[in-house]
Amino acid sequence: MIRRWALLACLACASPAPAADPLQAVLERFLAANPSAPGVSAWVCCPRLGLDWSGAAGFAARGGGEPLTPAHTFRIASNTKTYVAAAVLRLAEQGRLSPDDPLGPHLTPAERELLAGDGFDLDAITLRQVLSHTSGLDEHSGDPRYAEAITADPQHVWTREEQVRRCVEWRDPVGAPGERYRYSDTGYVLLGGIVERLTGEPLGAAVHELLDYERLGLRATWWELDEPPPAGAGPRAHQYIGQSDTRDWHPSLDLFGGGGLVCDVRDLGTFMRLLLQGRVLRDEASLSAMTGGGTAGYRLGLMCVELDGRLAWGHQGFWNTFAFHVPSLDLTVAGCVLDHDAANGRLLAGELVGAVCSPPYTSRIR
């Protein structure tokens, strides 16, 4: 009898443990491979699998202490460009501009003088080209002197005109309007000013109203300095570049349209998902313009990439943030890696898509 109970006990101990969460396992593996990042967070939504998942691994800051959660908020950097592009197209829907308008008449006299003095034909550049980074503009932030200025004085209060001036002083036009793609923060800084002047509101408030965050269910999204953190927002995580903790760097370094928004992973992914489902813009033609214009890799405020072999629309940000929607699976992934110098967040996005397209989920995908 004793031997029988011992055998049963051994069999019980040998029973397999419940399967680990495969998406959480992706985060844990990614973090282990990138130890300079204190933490990573992500949101994954795929209704056909009944999947509305969020998770995090690691800590909200280097040195441990507060565990990172999906509710932690962070600067989304260039992910902001998708919101600004959508806001411009909402203005087009309202008849207040056209994407084919020449850029010049929408600029301030100071901006026109600066750009014309650098050789830009402001009557030949269209808003559509600025949205798709094919205007001929380079970018102030692409020059190493910009990073040097920020690290020398992280509390410097930048202005829109100052950033445009740096682009003109440091960089030359990269080609004729429409000739080639060159990613340009400066172009979106100009677009942010256009949104402000047409609405008569600060950029954050204007984008908030044009896109109607409340209708979209965005409860943890706000524009730094322009708006207070909403009641639904979680605590701020720390974001790093090299050895520097950038959380308290003055937000004006990336505030005027190329960046500026703060949110959590759920809000970041929710916006991208609703946009690509046609629930942000009011006219079907507006979304068609966003996805159909521009170049193969970059449309109007949207990157077009492959994730795990599948077409995905979305964007990434300098602070290693990402949000992508995979239409063929009705799958959305969004996330944040708390270190700019860690592996590119697009790799994590691809791993999350790959996990959803593998057991135990594979048999449920149609």
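Restricting to the stretch 262-286, count the residues that are touching a residue at least 40 places away in the same chain (Cβ under 8 Å) and assigned to a helix (DSSP H, G or I). Count: 13.
Glu209 fulfils the conditions (1) open to solvent by 40 Å² or more (accessible area, probe 1.4 Å); (2) in contact with a Gly (Cβ under 7 Å, 6 or more places away or on another chain); (3) assigned to a helix (DSSP H, G or I) except for a single criterion, (2).
Taking first residues from the stretch 100-116 that are more than 24 Å from Ala289 (Cβ to Cβ) and partners that are open to solvent by 10 Å² or more (accessible area, probe 1.4 Å) and not hydroxyl-bearing (Ser, Thr, Tyr), the Cβ contacts under 7 Å between residues at least 6 apart in sequence or on separate chains come to Ala110/Glu161; Arg112/Leu122; Leu114/Arg165; Leu114/Val168; Leu115/Leu122; Leu115/Val168; Ala116/Leu122. Only one of the listed residues (Ala92, Ala77, Ala147) is under 18 Å from the mean Cα position of the chain (by Cα) and closer than 29 Å to Ala323 by Cα. That residue is Ala77. Of everything listed in (1) surrounded by fewer than 23 Cβ atoms within 10 Å (Cβ to Cβ); (2) closer than 15 Å to Ala343 by Cα, the single unmet condition for Val40 is (1).
Only one of these is farther than 24 Å from Pro235 by Cβ, in a helix (DSSP H, G or I), at pLDDT 95 or above and not acidic (Asp, Glu): Pro99, Pro105. Name it. Unique residue meeting the criteria: Pro105. When the stretch 64-96 is examined, which residues are found to be open to solvent by less than 40 Å² (accessible area, probe 1.4 Å), assigned to a loop (DSSP other than H, G, I, E, B) and either at pLDDT below 95 or in contact with an Asp or Glu (Cβ under 6 Å, 6 or more places away or on another chain) (or both)? Hit for the stretch 64-96 is Gly64, nothing else. Of all residues assigned to the stretch 160-182, none qualifies as being crowded, with 19+ Cβ neighbours inside 10 Å, out of contact with any Pro (no Cβ under 8 Å at 6 or more places or on another chain), part of a loop (DSSP other than H, G, I, E, B) and among the hydroxyl-bearing types (Ser, Thr, Tyr). Looking at the stretch 240-257, is at least one residue in contact (Cβ under 8 Å) with a residue 60 or more places away in the chain, among the aliphatic types (A, V, I, L, M), in a helix (DSSP H, G or I) and open to solvent by 20 Å² or more (accessible area, probe 1.4 Å)? Within the stretch 240-257 (the criterion being in contact (Cβ under 8 Å) with a residue 60 or more places away in the chain, among the aliphatic types (A, V, I, L, M), in a helix (DSSP H, G or I) and open to solvent by 20 Å² or more (accessible area, probe 1.4 Å)), the answer is yes, since at least one residue qualifies. Within the stretch 183-198, track down each residue that is surrounded by fewer than 22 Cβ atoms within 10 Å (Cβ to Cβ) and either touching a residue at least 24 places away in the same chain (Cβ under 8 Å) or not in a helix (DSSP H, G or I) (or both). The answer is Tyr183, Gly193, Arg197, Leu198.
The values are calculated or read from the model by the stated rules, or taken from the named source; none is laboratory data. Just so you know, these numbers come straight off a predicted model, no measurement behind them. As a convention, Cβ positions derive from the backbone with ideal geometry for all residues, glycine included, and neighbour counts pool all protein chains shown. To get the accessible areas, we keep the full protein, side chains included, count just its heavy atoms, and leave off ligands, DNA and RNA. Shrake-Rupley method; radii C 1.70, N 1.55, O 1.52, S 1.80 Å.
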